[in-house]
Amino acid sequence: MTASLNTNCTPDLDPGVSYEQGPRELFCGLTGIVWLHRKMQDAFFLVVGSRTCAHLIQSAAGVMIFGEPRFATAILHDRDLAGLADCNDELDRVVAELLDRRPDIKTLFLVGSCPSEVIKLDLATAAERLSRNYLGRVRVASYSGSGIETTFTQGEDNCLLSLVPEMPETSERRLLVVGTLADVVEDQFRRIFEQLGIGPVDFLPPRRAESLPPVGPNVSMLLAQPFVCETARQLIKRGVTHLPAPYPLGVEGTLGWLQAAARHWGVSDEALTLATQAPVTRARKALEHYRPRLQGKRIAFLPDSQLEIPLARFLGSECGMQLESVGVPYFDRQFHGHERASLPAELPVSEGQHVDRQLDRIHAVKPDLTVCGLGLANPLEAAGLRTKWSIELVFSPIQGFEQAADLAELFARPLLRKERLAV
Amino acid sequence: MELTVWTYEGPPHVGAMRIATSMRDVHYLLHAPQGDTYANLLFTMIERRDQRPPVTYTTFQARDLGGDTANMVTSMLKETYERFKPQVMLVGESCTAELIQDQPGTLAQGMVANGELPVPVVPLELPAYSRKENWGASETMYQMVRGLLLSQVPPPGTQRPERDAGRPPLVNLLGPSSLGFRCRDDVREISSLLSQVGVEVNVIAPDGASPQDLLKIPEADFNCCLYPETALLTCQWLKRSFGQPFTQTVPIGVGATRDFLAEVAGLAGTETSDSAGDSRLPWYSRSIDSTYLTGKRVFIFGDATHALAAARIAHEELAFEVVGLGTYSREFARDVRKAARDYGVEPLITDNYLEVEDRVTELQPELVLGTQMERHIAKRLGIPCAVISAPVHVQDFPARYSPQMGFEGANVIFDTWVHPLMMGLEEHLLAMFRDDFEFNDSAPSHLGHQPVADTPQPVPAPAEDGDVSWSQDAEQELRKIPFFVRGKARRNTERFAREQNLHTVTLDTLYDAKAHFSR
Ligand code: SF4
Ligand code: SF4
């Protein structure tokens, strides 16, 4: 697994994207476990890390989903740091304990963290060994969700990347949709593709990690999320054809996204229009409801989920918001370039973070709405600014026609609230 | 390596953050990767702080590791000082940085020595692979106080001068901190109690104190160690160094508050007076509608301070029966073990949530007093519950005044503990009358679990599920039993049936079992 990630390379001097370096306030890739474990119902995520890692997932998940979730942390202690051989034995013991408790687990992800990486605990080899030991019962994969390698949603990229070599080979003509979508959104897309005669359609991640979708030279791929870059590159290496498209946010984004598949499948534009007419009309009408509230309002994005650029495109072009600045954790020209190009050239777009300077700018510009991480929202609100915290955007169904208005509503709500509150 | 599902405490640097965030004019430089910044949301979301915690993270990445991460520390120290101009800087590292051994504390001290950093530095070494959050908070508070006051410590053997009779006794309140359980209101309650008995508060720390304030600590005649988890170490050092005695009783509950006031009077050299008022708890507890509280079986788990206090209140002030007592604070395990022995129960010293869950399931108490974690356990098992201790959730920062300490705290505790029981009773009545058209079980339950009537019990099914079945009349009879004991009745009956080699529970089996198990 050669996950060469953006955070590890020198930045491109992309036109229209500046680079900012300094203290960050971003989650690490472990956070992805919070939605990945819900998506893949037969998978368990075992972080090999520290108490900090355990505390991070617990805090990000909120204390709402107590009970026995399908994730846990193998917390390293002083004695584990003494010698590596010992560490592998310990890991085997912990995995045995876990699988004993949870006979329902079919796929186990060993998730690397900063501590496991700094002590060079080789989880890939451990996963191979454990896969052999539990052959026929559990498949064991590994990936890094560490904060020194990944930011926030990149954890999903690494998780999916670890599955690519396991995906079976096919010569069939199929469509693969890559990046977690809420089940309800998946079902909507499935229906539209069916109407268009596009298929069979697979989704990665699948609802059951046991049944991985097949790949091959006749498989083409749509990206549902902008943060699955390395997975996409690896799938391309396995012969998959990438269908460049806007990300399916908003009516136009979704339409462009479907169109990419339709054209590749030889579906006529007329047929596409016909199949999407009803939902498009419905969505445009629903959006109209929020447009007056959002129109002309100034919005700034702090880097967080990697969804910032396509969101800015949707809020600018479909909701009439005035874009002030857009920050992203990292910029990948191959998979983000076209979305950047759809934003005004003069709009400041920055990659990376210096959180204090970015906040200085927010305080100076005073946007009507600031999209930011969870830790920053209340202090900004207290300073009189309205915020939309972005982790919700990763957890909620926001893609597709039927969700376009819901997405707009997420941004309209803080503004409405401000208007209503008289205290 | 230890398999962990949920943790009661964060890593020790989060404890240090709690101290830094509690104080004014302090900034914490933390050598840590970006993901560790999640900890900010504990303060801004859970506690609804209106400021970012005063913490700057170096957020080094993999690509920096080969290079000069130490350099990141020094340049960020300068930048952070320039931006925030704190009176004191805490400098430390989280788990990952501990492994790369840049020793940020030493680096910062070096910069202070050669004039590059014009601010006092308190270096923190908080071993992340063996210690936890409360230890980190305690150690940070101690290092901070000691670091600032060391130069003031008189030579050993120096007597504390007698208090000038014209000056009221002065006391410091030590331990209240950010993310602590109800600290904000406890401090207000205790300050007002003390002022009613003529004792003046000198410094409250860490909450709201600046380093300047800490310098005034030795001026007080004695200290109140309000939260031993955070402040005991500091109080012990102040006693050794400045001859300042400190209170041993944590004033949670009526009895403990009275003991605390007596202790205060002793240390202040004043008369014990009852001018501090009293609580309604004693009368409410005696009034006849509290009779049904007698012998309620209660399971208690939390940090040591709150668990111990809760056990005393439950036992002495509400006449409950303590059936389980435990803590995740290993540092105070000895006290909890001793108390558990006194109540005749097996102590549970663990930070493994699953063990606590097993114990609650096994004991089937009628009330659980615990943390947010136990609240979830209790919710799943359909047992009434009240939260008494950190780790906290946003609900543990109520808008209204609701201390745990002092006489008002005792009032709050009476209400919060008795309410879920009383509501449970009310639901029982509702269920009894459910055939009346006005009442029905689809009414939403305040306990958060499913409506009572025909839903499957949230109680986990017995391990050998399926080997005992219920006859229809027995099943119907079972439903007439109040829901909060129904799970237990079902399990006991099934156990009884199994012991008797019966495959079907009949009406007779149900009552045979009841007779068998009745105490
Ligand atoms: S395009 Fe992005 S990922 Fe690729 S080398 Fe440049 S900075 Fe790195
Ligand atoms: S940043 Fe690293 S150490 Fe911190 S929680 Fe994430 S993986 Fe764990």
Segment A:183-197 scanned against label point 7 Å out from A:GLU402 along Cα→C-beta; backbone N under 12 Å for A:183-192
What helix-only [θ] at 222 nm does chain B give? Using -39500 (n - 2.57) per DSSP H run of at least 4, over all residues, to the nearest 500, the answer is -13000 deg cm²/dmol
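Considering only DSSP beta bridges whose two residues both sit in chain A, what percent are antiparallel, to the nearest 5? Can you show the working numbers first?
On the way: 2 of 47 bridges.
Within chain A, antiparallel bridges account for around 5 percent of the total.
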With all protein chains present, segment B:28-105 has a carbon and sulfur share of its accessible area (1.4 Å probe) in percent of 42
Heavy-atom accessible area per residue of segment A:174-281, all protein chains kept, 1.4 Å probe, expressed in Å², is 35
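Rounded, prolate or oblate: which one fits chain A, using the alpha carbon gyration tensor with axes a ≥ b ≥ c (rounded when a/c is under 1.5, else prolate when a/b beats b/c, else oblate)?
On the way: a/c = 1.82, a/b = 1.25, b/c = 1.46.
Cα axes put chain A in the oblate bin.
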In order over segment A:266-278: 3J(HN,Hα) from phi, Karplus 6.51/-1.76/1.60, θ = phi - 60°, whole Hz, x for each Gly or Pro, gives x, 8, 6, 4, 5, 4, 5, 4, 4, 5, 9, 3, 4
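At a Förster radius of 22 Å, what calculated FRET efficiency corresponds to the Cβ-Cβ distance of B:ARG334 and A:ASP78, to the nearest 0.05?
Values: r = 22 Å, r/R0 = 1.02.
So the FRET efficiency works out to roughly 0.45.
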By the Cα gyration tensor axes a ≥ b ≥ c (a/c under 1.5 gives rounded; else a/b larger than b/c gives prolate, otherwise oblate), the shape of segment A:371-423 is oblate
Computed on Cα atoms, the radius of gyration and Dmax of chain B in angstrom are 26.6, 87
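Using the scaling law 2.2 N^0.38 Å as the reference, what is the normalised Cα Rg of the protein assembly as shown? Mind showing how you got there, number by number?
On the way: Rg = 30.2 Å, N = 942, 2.2 N^0.38 = 29.7 Å.
Cα-based Rg divided by the globular estimate yields 1.02.
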Residue-normalised 222 nm signal for chain A, counting each DSSP H run of n ≥ 4 as -39,500 (n - 2.57), nearest 500 deg cm²/dmol, is -14000 deg cm²/dmol
For B:ILE204, other-chain or 5+-apart residues with amide H closer than 5 Å (H placed, Pro excluded) are B:LEU173
Using alpha carbon centers only, segment B:281-336 is separated from segment A:327-362 by a whole-angstrom value of 55
Most fluctuating of A:ARG174, A:ARG24, A:ARG340 in the GNM of chain A (C-alpha, under 10 Å) is A:ARG24
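Counting only Cα atoms, I'd like the Rg/Rh figure for segment A:174-281, Kirkwood definition for Rh. List each step's numbers first, then the result.
On the way: Rg = 13.1 Å, Rh = 14.0 Å.
With Rh from the inverse mean 1/r over Cα pairs, Rg/Rh is 0.94.
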Of segment A:197-229, those with amide N under 19 Å from the point 7 Å along the Cα→Cβ vector of A:GLN41 are A:202-213
Chain A, Gaussian network, Cα under 10 Å: of A:ILE105, A:ILE362, A:ILE119, the residue fluctuating most is A:ILE119
Helix B:406-432: inclination vs chain B longest Cα principal axis, degrees, rounded to 10, gives 20
With the charge dipole of chain B built from beta-carbon charges (+1 for Lys and Arg, -1 for Asp and Glu) about the Cα centre, the Cα from B:GLY166, B:GLY487, B:CYS235 projecting farthest to the positive end belongs to B:GLY166
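Suppose the chain between B:THR506 and B:GLN248 were pulled fully straight at 0.36 nm per residue; how much longer would it get relative to their current alpha carbon spacing? Don't jump to the answer; show the numbers that get you there.
Details: separation 258, 0.36 × 258 = 92.88 nm, distance 5.63 nm.
Once the chain is fully extended between B:THR506 and B:GLN248, it gains 87.2 nm.
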iface B-A | buried accessible area, total | probe 1.4 Å | Å², round 100 | 5500
Residues of segment B:89-112 that bury at least 30 Å² of accessible area, probe 1.4 Å, when all protein chains are present rather than the chain alone, are B:CYS95, B:THR96, B:LEU99
Scattering profile of segment A:287-422 from the Debye formula, Cα beads only, expressed as log10 I(q)/I(0) at q = 0.10, 0.17, 0.22 Å⁻¹, is -0.29, -0.90, -1.58
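Which shape class applies to segment A:28-150: rounded if a/c is under 1.5, otherwise prolate when a/b exceeds b/c and oblate if not, where a ≥ b ≥ c are the square roots of the Cα gyration tensor eigenvalues? Show your work: numbers first, answer last.
Working: a/c = 1.58, a/b = 1.07, b/c = 1.48.
It is oblate, given that a/c is not under 1.5 and a/b is not larger than b/c.
Rounded to the nearest 0.05, what FRET efficiency is calculated for B:ASP289 and A:ARG101 with R0 set to 45 Å and r the Cβ-Cβ distance? Walk me through the numbers on the way to the answer.
Working: r = 45 Å, r/R0 = 1.00.
Efficiency for this residue pair is about 0.50.
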So the FRET efficiency between B:SER195 and A:LEU347, C-beta based with R0 = 41 Å and rounded to 0.05, is 0.10
Under 5 Å from the placed amide H of B:VAL505, counting only residues 5+ away or on other chains, we find B:SER469, B:TRP470, B:SER471
To the nearest 10 degrees, the tilt of helix B:333-343 (Cα long axis) against the first principal axis of the alpha carbons of chain B is 30
Once amide hydrogens are built 1.01 Å from N within the peptide plane, the residues lying 5 or more places from B:TYR57 or on another chain with amide H under 5 Å from its amide H are B:LEU30
Taking Cα atoms, the helix B:228-242 axis meets the longest principal axis of chain B at an angle in degrees (rounded to 10) of 40
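The values are calculated or read from the model by the stated rules, or taken from the named source; none is laboratory data. Bear in mind that the values here come from a model prediction, so they are computed numbers and not experimental data. Backbone-built Cβ (ideal geometry, glycine too); neighbour counts: all protein chains shown. What goes into the accessible areas is simple: the full protein's heavy atoms, side chains included, and nothing from ligands, DNA or RNA. Shrake-Rupley method; radii C 1.70, N 1.55, O 1.52, S 1.80 Å.
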